[in-house]
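Please treat every number below as a calculation from the coordinates, not as lab data. Being a predicted model, the structure only gives us computed values, none of them experimental. Counting neighbours? That spans all protein chains shown, and the Cβs are built from the backbone with ideal geometry, glycine included.
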Amino acid sequence: MSGRPTTVSEVEASLAARVEFHLEKPPGSVDIDADLTTYGLDSIYAFSLILDIKDEWGVSVEPEIARERRTVRALAALVTELLGGVPVDETRRIPVDHVFVPGR
């Protein structure tokens with residue numbers, strides 16, 4: 001298994017860290033349930049986050065869909081869904097080799 005985040009909480013933590021990086025916030029300062037716009041996340045930073053998701057997990061998130069997922073928790077749920085399912089317990093791993101292909 002690769003070193004990339006694969007549980008829901010790991011994906012949430014990774015995305016929160018990326019938001020903190022882009023917005024120059026201290027580690028641990030982003031509430032995963034807060035609307036990201038409250039932190040000043042604009043369209044440029046949101047696009048950067050979408051690129052981070054593509055780089056980290058190999059899945060594409062459409063900007064329109066990302067705008068609907070306004071919290072780190074919601075984005076993490078989307079990422080795990082695109083990777084093949086949302087595990088309900090932290091001991092299950094997300095199959096990171098699975099890539100969502102619409103229409104299949």
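Tell me the label-point distance for the pair Ala13, Glu62, using the 7 Å Cα-to-Cβ offset, in nm and rounded to one decimal. Here the modelled spin labels are 3.3 nm apart.
Express in nm, to one decimal, how much length is gained between Leu51 and Ala77 on full extension, taking 0.36 nm for each residue of separation and deducting their alpha carbon distance.
Working: separation 26, 0.36 × 26 = 9.36 nm, distance 1.68 nm.
Difference between extended and current length: 7.7 nm.
With the simple model of a label 7 Å out from the Cα in the direction of the Cβ, Arg70 to Phe21 spans 2.6 nm. At 37 °C and 0.692 mPa s, grab the translational diffusion coefficient of region 6-57 from Stokes-Einstein with a Kirkwood Rh over Cα pairs, rounded to a whole number in µm² per second. D, rounded to a whole number, is 293 µm²/s.
Packing, taken as the mean count of other beta carbons within 10 Å per residue, orders the peptides 58-66, 16-24 from highest to lowest as 16-24, 58-66. The Kirkwood hydrodynamic radius of region 43-88, based on inverse pair distances between different Cα atoms, is 10.6 Å.
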